[in-house]
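The values are calculated or read from the model by the stated rules, or taken from the named source; none is laboratory data. None of the values given here were measured: they were computed from a predicted structure. So basically every Cβ, Gly included, is an ideal-geometry build from the backbone, and we count neighbours across all protein chains shown. Ligands, DNA and RNA are excluded from the accessible area calculation, which covers all protein heavy atoms including side chains. Shrake-Rupley method; radii C 1.70, N 1.55, O 1.52, S 1.80 Å.
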Amino acid sequence: MASNLLLQASRLLLDFLYGFHFPSGRPNFCSRRLLVSFSMARKWGCDQARVLDDFYVSGSSSAEGRPGSHWKRKMATAAATSASEPETEPKAGPKAEGEEDDVKAARRRRKVFSRAVATATYKTVGPGWDQQEECVSDSDVEECAEASSAESSPGEYEWEYDEEEEKNQLEIERLEEQLSINIYDYNCHVDLIRLLRLEGELTKVRMARQKMSEIFPLTEELWLEWLHDEISMAMDGLDREHVYELFERAVKDYICPNIWLEYGQYSVGGIGQKGGLEKVRSVFERALSSVGLHMTKGLAIWEAYREFESAIVEAARLEKIHSLFRRQLAVPLYDMEATFAEYEEWSDDPVPELVIQNYNKALQQLEKYKPYEEALLQAEAPRLAEYQAYIDFEMKIGDPARIQLIFERALVENCLVPDLWIRYSQYLDRQLKVKDLVLSVHSRAVRNCPWTVALWSRYLMAMERHGVDHGEISVTFEKALNAGFIQATDYVEIWQAYLDYLRRRVDFGQDSSKELEELRTAFTRALEYLQQEVEERFNESGDPSCMIMQNWARIEARLCNNMQKARELWDNIMTKGNAKYANMWLEYYNLERAHGDTQHCRKALHRAVQCTSDYPEHVCEVLLTMERTEGTLEDWDVAVQKTETRLARVREQRMKAAEKEAALVQQEEEKAEQRKRVRAEKKALKKKKKPRGADKPREEEDEKEWGDADGEQPAKRRRLENSVAPGGPAAGMEEDTGLAGKNAAVDVETPSKQKEKAAALKRDMPKVPHDSSKDSITVFVSNLPYSMVEPEVKLRPLFEACGEVAEIRPIFSNRGDFRGYCYVQFKDEKSALQALELDRKSVEGRPMFVSPCVDKSKNPDFKVFRYSTALEKHKLFISGLPFSCTKEELEDICKAHGTVKELRLVTNRAGKPKGLAYVEYENESQASQAVMKMDGMTIKENVIKVAISNPPQRKVPEKPEVRKAPGGPLVPRQMYGARGKGRTQLALLPRALQRPTTASVQAENGPSPHPAGATSTASEAPKMSNADFAKLLLRK
């Protein structure tokens, strides 16, 4: 009878807790409670049929009335019925015949049943199980009945899975092979777990989940799915302990109230075991410490704990419930008023004054937190900006528990933001300094963002700071090397962090030690790793200045007193392309000055004088300074001779380089002049071959021909045509020539004439001055087709979608041709800002550019560029694409490696593709995987190149150098663009005088061996005004 009472009490507690705390419902909790009740009935030898019958009876009424009173009624009924039943002993008899057949049937039944449960759970519940309504329908009963009858007819279920199972098995093999290549493919892990779960492969799905959890922290949905599967299959105490271990791992990944609530509810099912009551209370107390301060979800934990204590009918528990009420009322939580009213109703005594004071204080705190909580509720995930503001607010208040909680809440939705992890870990390192908490956060950070080297470096330092075993630190470092960084310099940084740690372990007071040998071995391995692994992957070592080797040389010289090894290391540094830099030689010289001798210092400087190419004068000066203070007369003579010889050679090299540069400039100018002459000759040849105006429409060509035949000039001819009646000379001309078909179009308004009239109207339109006061409501539209006939009519519908358009001002040339840009003025500023989103929209086959209207004369530094020019680790740059590749085709290829947020094909101004693209992924991990998979891929016979987006810095034009013309004033050297001098720039001096002479070029770098001719007279000519030019024209 005791076992029956305990069974009924446990089942009713489960019914009560599951039905009360989640009024929004959980459909599969019915099956979960049934499985838990089955396992407890099997353990205590009870009748499972009676459990099933009572389960559905109690399940139908669990949502009625107040759950607490319902539980009390059920408890009383259970006690009465159990007391009237005779106590039975579990029967133990001989084993039945055909035991092997029963075992096989049980295995088959368990596999089919688990597959059915997994399929039904995934298809009907999915990840949003806590947002569906709770119900127990006839179909649920039928499904359970079918699952329970699987023993007699297992073949009924298997045929439905044959075709799908074969397809799933192939996909499972593909995913397993992909994970063997790249174990850090997050989406591949998720897909594999989903398919294995559908197939009912319990062992494989456990192994897949275990592997994924070792690499990545699992989300709340993944953990709850795993826990539900394990709970449904838990049959004995060992299984329950395994589920407890999973819960412990789950609550360490993220602080999730739902997982803590599940943990507390599941622990209630083990209340019949030894120490079960203490286990339940321990779980709930830890849950309160972890998420009890959560303003929106902490309430469920408090109420679950209180109702559990209320279910235990003991007088001593009353004080425990009082304590829970008082503790809860002192914490600012949503719906505090209802909790206070419930406490007043439950308590027989008046609420103590101290409790009321704490309650009022919590209400005041709640009002301060409400704006931030409401901002989170109104914003859309991931709400990073809102969480950052909330964190700043909590940091000002300074409550460590609340700061930790808000960081954890932010990381649940922003677990892939490295800066947030860095800020959280930095706060814990500097403020709390609790070993377990600090190391736990660092470990979770590198598991969430393994591609961020700063997190690994901080993790290694935190482990050293808290005295973690050396072996564990080394293992963590090896994991960092396999994390898949996306830059070569990241590997240099992590090696440097590890080498710094090893250096701090060495006691340099001893001549030799195990730690020192380990440090030297690590330095050797680091250099080999950068040369082999990193350079092979990135085509660069990431350490061009050999910083790791420099640090090693300094340690050998300063701490180990081993200058011989330091010199060998510096020789290796110089052979890696650093011998031409003066700063590298001076660094070596300073090391020799501090820990070496004068002889090696002199030797190093002599080599520096011979090899340095960037600042040889500085190196020569250092050498002469040393010999002046320490050297003999012979040393001084040698130094002077070497420095003079070297500097003379440098001057000669610079002069040759200047002459070569000047020759190249002259060649370019000659080529440009030759191209200009060729164009002029071609133009003249065309004029001779065809009459003037041949490139115009046929009607105009005929008019020009007749005009030329009559000996009239084109302008006079046009005026005559406009003044003559339609039936006049033109008609007579038709009769004389017999070309009526040609000139019939002259009498009618042809398209060319209509275009001329439209152009004339546009020329005659009054010019509207630009009003800079309306720049805020105006946008500048450019790169429009020049052939656009009526820009205002074409563009108005496009921009009216953004708001009410006040005016569209297209810009025309003096001839009346559209110049390809216009100004669009709106009624309000909001519409103008919305119109900026139309930038790069295709209009008649060309990308239209829309930018703010800004006066460049007042804001010369204003630049409009939509895209970032800095390093973006989550964005890829793809080159070498075929011009025929469409956006959809490229997006299908990129989607295989992660979630694509944006894809942009780069086009020229005419809208034609350039074979380049930018692909933005959801996070850095997906981008890193895509680089490794897509780089070198062939698309339509084109081999593409894929890299992390890191555009080169744009060159800022230097200020024009001022040169002094021979015998003349200072004249700024002319600087032209990449296409040379523009056509609109008029040169009033002969071109020969504009060229910088050889003397002027050589004067910058040394004396000129060839004297320049006197050209100062041309530059000293007096400047002429517009009036002077007018007088010259009048004299002619």
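For LEU238 and ARG286 in one chain, what is 0.36 nm times their gap in residues minus the Cα-Cα distance, to one decimal in nm?
Length gained between LEU238 and ARG286: 15.0 nm.
On full extension of the chain, what length is gained from ASP1028 through GLU807, given 0.36 nm per residue of separation minus the C-alpha to C-alpha distance?
Length difference between fully extended and current span is 75.2 nm.
Taking 7 Å along the Cα-to-C-beta vector as the label spot, tell me the GLU844-GLN210 distance in nanometres, rounded to one decimal.
Result: 6.9 nm between the two label points.
Along the charge dipole of the range 872-949, which of CYS894, MET932, ILE948 sits closest to the positive end, that is, farthest toward it, with unit charges on the beta carbon of Lys, Arg, Asp and Glu (+1, +1, -1, -1)?
In the range 872-949, that residue is ILE948.
Could you tell me what percent of the accessible area of the range 536-617 is made up of carbon and sulfur, with a 1.4 Å probe and every protein chain present?
Carbon with sulfur: 44 percent of the solvent-accessible area.
Can you figure out the FRET efficiency of ASP511 with ARG430, using R₀ = 56 Å and their beta-carbon distance, to the nearest 0.05?
Efficiency computed from Cβ-Cβ geometry: 0.90.
For LEU876, list long-range residues whose amide hydrogen, built 1.01 Å from N in the peptide plane, is under 5 Å from its own amide hydrogen.
VAL919, GLU920, TYR921, SER949
Keeping every protein chain present and rolling a 1.4 Å probe, give me the accessible area per residue for the range 778-852 in Å².
52
Can you give me the Cα centroid spacing of the range 562-614 and the range 311-390 in angstrom?
Cα centres, the range 562-614 to the range 311-390: 70 Å.
Within the accessible area of the range 164-216, what % is carbon and sulfur when the probe is 1.4 Å and the other protein chains stay in place?
On the range 164-216, the fraction of accessible area on carbon and sulfur atoms equals 52 percent.
State log₁₀ I(q)/I(0) for the range 818-918 at q = 0.17, 0.21 Å⁻¹ as given by the Debye formula over alpha-carbon point scatterers of equal weight, solvent excluded.
Results for the range 818-918 at q = 0.17, 0.21 Å⁻¹ read -1.01, -1.26.
Starting from the Cα-Cα distance between LYS901 and MET395, subtract it from 0.36 nm times their residue separation and give me the gain in nm to one decimal.
The LYS901-MET395 span can extend by a further 178.9 nm.
Compute the FRET efficiency between HIS322 and SER474 as 1/(1 + (r/R0)^6), taking r as their Cβ-Cβ distance and R0 = 51 Å, and round to the nearest 0.05.
It comes out at approximately 0.45.
May I ask you to derive the FRET efficiency for GLN653 and ALA341 from their Cβ-Cβ distance with R0 = 56 Å, giving the value to the nearest 0.05?
The calculated FRET efficiency here is 0.05.
Calculate one ³J(HN,Hα) per residue across the range 355-362 by plugging θ = phi - 60° into the Karplus curve 6.51 cos²θ - 1.76 cosθ + 1.60, and present them in order as whole Hz with x for glycine and proline.
Result, ordered by residue: 5, 5, 4, 4, 5, 5, 5, 5 Hz.
Which order, highest average first, do 238-246, 299-307 follow once you tally other Cβ atoms within 10 Å for each residue and take the mean per peptide?
Ranked by mean Cβ neighbours within 10 Å, highest first: 299-307, 238-246.
Determine ³J(HN,Hα), in whole Hz, for all residues of the range 613-628 in sequence, where each value follows from phi through the Karplus function 6.51 cos²θ - 1.76 cosθ + 1.60 and θ = phi - 60°; x replaces Gly and Pro.
Karplus values, whole Hz, x for Gly and Pro: 10, 8, 9, x, 4, 5, 5, 4, 5, 5, 4, 5, 5, 5, 5, 5.
Could I have the simple spin-label model distance between LEU664 and ALA594, label points 7 Å from Cα toward Cβ, reported in nm to one decimal?
The modelled label-to-label distance comes out at 4.1 nm.
How big is the Kirkwood radius of the range 519-602, worked out from every pair of different alpha carbons and given in Å to one decimal?
It is 13.4 Å.
Which ³J(HN,Hα) values in Hz, rounded to whole numbers, follow from the phi angles of the range 657-663 under the Karplus curve 6.51 cos²θ - 1.76 cosθ + 1.60, where θ = phi - 60° and Gly and Pro get x?
The phi angles translate into 5, 5, 5, 5, 5, 5, 5 Hz.
Considering amide H positions built from the backbone, and no H for Pro or chain starts, which residues 5 or more places from SER513, or on another chain, come under 5 Å of its amide H?
none
Pull out a ≥ b ≥ c, the square roots of the eigenvalues of the alpha-carbon gyration tensor of the range 218-312, then state rounded if a/c is under 1.5, prolate if not and a/b is larger than b/c, and oblate in the remaining case.
oblate
Using only the Cα atoms of the range 872-949, what do you get for the radius of gyration and for Dmax, in Å?
11.5, 35
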